[in-house]
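Notes for the one structure printed next.
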Amino acid sequence: MSEHSESEIDNTPLLHDPIEEVRNYSKGQLHVEADGVIIEEVALTVSTTDYPSLPSLTFRTWTLGLISCAILSYLNTFFSYRMEPLTITAISAQIAALPVGHFMAATIPNKIMAVPFTTWRFSLNPGPFNVKEHVLITIFANAGSGFGSGPAYAIGIANIVKAFYKRSISFVACLLLVLTTGVHYSWPGSLFKLPIVFCFLLCPKINIQSLIVADLDES
């Protein structure tokens, strides 16, 4: 047994009690530090500085985001039928989106487009490709790769129905099944105060992607 005096032992808790933090926040008694970050790993990888003037939901974001989501969804579903499944994560799209985004910013004209039957207007090229667009494209790609876990869970249900039960299932039924079982991805938006406002929740996989975005866009 190791011999240590009580004065040499640091009994300071590594993290705040999450339940107590939530209660204090709901009562308006939570006083977060100036940088708003509690975990050191989050402070080192996630920037706390916002630039409200940067455009985010741009033509580039929707185009590259939807393409990344569709391609990764197709590839992960296709490779899931292998004896040894291959998973393509969003990091590949995250790295590829940077040069493509800069190329689009340099070549696409700054033309104002109107959405038919609405009063919405948007610019094809609102300015240089920025970090907010890059992060949103990565979120699109994460959705397409099942957040690193491969194809959508409901694909397995359709496979079981056809392969084991020898029953037919229509495309519309499969589409509705995939959409309805994927609604849980929208919960972080409705629970914004917990996963977004509170920075004591650590997700190492997301921290890696945050670090990649910071390094790529700063360089």
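How big is D for the stretch 124-171, in µm² s⁻¹ as a whole number, if Stokes-Einstein is applied with the Kirkwood radius of its Cα pairs at 37 °C and 0.692 mPa s?
Values: Rh = 13.6 Å.
So the translational diffusion coefficient is about 241 µm²/s.
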Nearest-0.05 FRET efficiency for Thr49 and Ala173 at R0 = 41 Å, using Cβ-Cβ distance, is 0.30
Expressed in whole Å with the largest first, what are the equivalent ellipsoid semi-axes of the stretch 53-150 derived from the C-alpha gyration tensor as the square root of 5 times each eigenvalue?
-> 29, 14, 10
Would you calculate the separation in nanometres between label points at Ile95 and Lys111, each defined as 7 Å from the Cα along the Cα-to-beta-carbon direction?
-> 3.4 nm
Tell me, in nm to one decimal, what length is gained between Phe122 and Leu86 on full extension, where the rule is 0.36 nm per residue of separation less the Cα-Cα distance?
-> 9.1 nm
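Can you give the net charge of the other residues whose Cβ lies under 12 Å from the Cβ of Ile160, counting K and R as +1 and D and E as -1? Intermediate values should be presented prior to the final figure.
Numbers: positive: Lys162, Lys166, Arg167; negative: none.
The answer is +3.
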Which of the trypsin sites (Lys or Arg not before Pro) found in the stretch 49-127 are in a DSSP loop and have at most 13 neighbouring Cβ atoms, other than their own, within 10 Å?
-> Arg82, Lys111
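Relative contact order for the stretch 53-150: what percent, with Cα pairs under 8 Å and sequence separation of 6 or more? Show your work: numbers first, answer last.
Details: 139 pairs, mean separation 47.8, N = 98.
Across the stretch 53-150, relative contact order equals 49 percent.
Ranked by Cβ crowding within 10 angstrom, fewest neighbours first, how are Glu218, Glu84 ordered?
Fewest-to-most Cβ neighbours within 10 Å comes out as Glu84, Glu218.
We did not get these values from a lab; they are worked out from the coordinates using the rules stated. Everything numeric here is computed off the predicted structure, so don't read it as measured data. We place every Cβ from the backbone using ideal geometry, glycine too, and count neighbours over all the protein chains shown.
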